[in-house]
1. For residue 624, project a label point 7 Å along Cα to C-beta. Then give me every residue of the stretch 411-442 with its amide nitrogen under 14 Å of that point.
2. Does the stretch 1-105 come out rounded, prolate or oblate, given a ≥ b ≥ c as the square roots of the eigenvalues of its C-alpha gyration tensor, rounded meaning a/c under 1.5 and, failing that, prolate meaning a/b above b/c?
3. In whole percent, what relative contact order does the stretch 327-409 give with Cα contacts below 8 Å and a gap of six or more residues?
4. With a 10 Å radius around each residue's Cβ, average the other Cβ atoms per peptide and rank 14-23, 550-559, highest first.
5. Quick check on packing: order 36-42, 70-76 by the mean number of other C-beta atoms within 10 Å, highest mean leading.
6. Given a Förster distance of 22 Å, report the FRET efficiency between residue 97 and residue 519 from their Cβ-Cβ distance, rounded to the nearest 0.05.
7. Need one number: nm distance between label points at residue 644 and residue 6, each 7 Å from Cα along Cα→Cβ, rounded to one decimal.
8. Apply the a/c threshold of 1.5 to the C-alpha gyration tensor of the chain and tell me whether it is rounded, prolate or oblate.
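Laboratory data are not the source of any read-out in this text; all were calculated from the coordinates shown. This one's a predicted model, so the numbers in the text were calculated from it and none came from an experiment. Because the Cβ atoms are built from the backbone with ideal geometry, glycine has one as well, and the counts that use them run over all protein chains shown.
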């Protein structure tokens with residue numbers, strides 16, 4: 001037996017298609033049915049790789065007794081929060097307002113006209129430890145709906161009023177550079193000197209904090225800022241939050257030492273962390289960071305790429321109904337499957353204990369299972385001699401591949417194979433940046449193929465679609481789709497210098513302003529002006545697990561202003577500052593992506609135009625200098641002497657007058673609105689850029 005979710009494309013909705021709950025997708029049919037039957041809505045929001053979503057499904061939504069109560073008393077709606085981040089944003093805000101916290105699964109009870117009056121997250125079947133279970137909660141909510149309707153309606157009006165206030169910003173003035181110092185000081189106070197990161201358990205990577213600190217270090221020379229980045233990135237790479245065998249990062253660490261992960265893997269974490277490691281590699285020259293980027297991309301290109309070129313969304317934490325089962329090892333299993341000397345090598349290298357380390361710190365229960373982690377880098381563990389290091393690394397690589405092959409025989413976690421435009425934009429940009437910095441054409445080609453997929457399969461009439469799966473693109477593109485894809489295209493242009501890529505970035509940015517800009521109060525809404533009418537139009541600035549759309553749009557606008565010399569884009573960026581300055585001033589460290597953009601506005605700027613053949617040795621030598629140095633406030637245009645110079649001049653008119661000197665690659669460098677004499681000497685270019 002199936003319900004109405006059986007015809008949906010979302011992997012999360014399809015997971016619930018055989019529940020005895022009579023689920024509806026979010027649809028007009030659901031709301032008209034609720035109005036006709038005079039029933040409230042039971043709205044459940046989650047995603048396919050969410051551990052506690054699986055638990056609530058097993059306990060309640062697959063249970064006939066709970067399902068009967070739900071069907072009798074509610075019209076039940078399931079929403080994939082990754083497919084509909086607009087709906088999730090609104091009702092998660094409601095949950096945080098009403099309960100002081102949020103998370104998934106998200107449970108909302110609301111009227112047939114979408115107004116909420118109860119909110120929570122996970123509920124077990126039975127009441128325990130004072131927390132109501134579904135069997136007690138549902139009759140209580142039914143009684144409130146039937147017998148206290150007037151109170152419910154008054155409550156929904158008040159909740160809606162407060163909700164609207166949550167998305168209302170009061171205009172402030174311009175920000176000053178002191179905001180960057182304040183954000184740094186706040187991060188410094190939260191910094192975990194023992195283990196890196198900026199919180200106690202649970203500990204999230206939050207890569208945009210690290211990107212901000214790198215820019216702060218670049219601007220001020222503050223060595224502590226760089227040290228915090230290096231320490232945190234090293235600790236994460238060595239810890240259990242990194243999959244030491246198959247590569248890629250798990251979602252977060254449940255302890256403060258980066259040892260015990262929540263095992264799900266998200267595409268956006270791989271992209272954002274690759275960017276942080278790439279920038280840190282440029283800034284520090286630390287080979288571990290370069291290696292980590294290569295390992296992240298190995299995982300993504302092996303396990304997360306669709307044949308068409310797009311990238312899948314996530315891999316589950318659970319397999320066979322057990323969190324982490326795919327990833328953990330007992331010493332006895334290793335000893336059975338490996339020769340004694342190999343098992344001993346793995347035991348000592350990855351800190352495998354007979355009693356296990358999995359959940360040891362989280363619950364005090366020793367399971368006998370182990371998460372692999374390192375106490376130092378492989379280079380340091382290998383010793384000082386060159387031959388010894390080579391032998392050690394050879395043995396390590398051979399054993400890692402052997403264990404990976406053994407692991408592949410296990411039941412793999414579920415893969416959410418929907419393709420999201422916004423997360424793909426981040427991965428396209430990360431691969432392009434990696435290809436440029438590491439001089440790896442494979443990464444650039446993967447970014448190009450991903451960009452072509454998004455523009456060909458998820459774009460129509462200059463408008464993006466949010467989700468693609470099984471040949472179907474759906475859901476109107478939201479702010480982050482436009483912003484993240486634009487950012488990805490700008491990074492791709494900086495890697496391959498194909499004018500049509502820059503052209504597409506400009507087009508998408510213009511469409512973003514048309515569809516999302518608030519003409520009354522300024523700023524960018526999450527949803528398009530011609531999109532579905534919801535309770536409110538959210539407008540976000542907080543940089544949480546992902547950078548907010550407004551924050552990255554701010555950066556894109558500043559970058560495009562300098563690439564095209566279009567002052568209107570800079571004015572829009574300045575308006576964003578005024579719209580959100582009061583909010584940002586409250587807790588600057590909560591807006592580090594926005595402040596990275598603000599760094600671009602106030603720090604010394606460099607515009608570089610190279611005239612040459614991108615395949616010629618002299619041009620590549622100049623580009624190599626850029627790749628080797630951390631120059632976050634430098635924008636690059638390449639005028640192909642034998643290519644589409646006219647098309648570039650149409651987008652960036654100031655490039656029309658730039659010419660090659662004596663047939664050689666020629667660099668034109670401008671600092672802070674003042675231009676140096678052109679140079680054909682890569683050494684001189686390096687000196688100019690470093691000055």
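1. 437-440
2. Cα axes put the stretch 1-105 in the rounded bin.
3. Computed over the stretch 327-409, the figure is 26 percent.
4. Top of the packing list down: 550-559, 14-23.
5. 70-76, 36-42
6. The computed FRET efficiency comes out at 0.20.
7. For the pair residue 644/residue 6, the computed spacing is 4.8 nm.
8. Oblate shape, in that a/c is at least 1.5 and b/c is the bigger or equal ratio.
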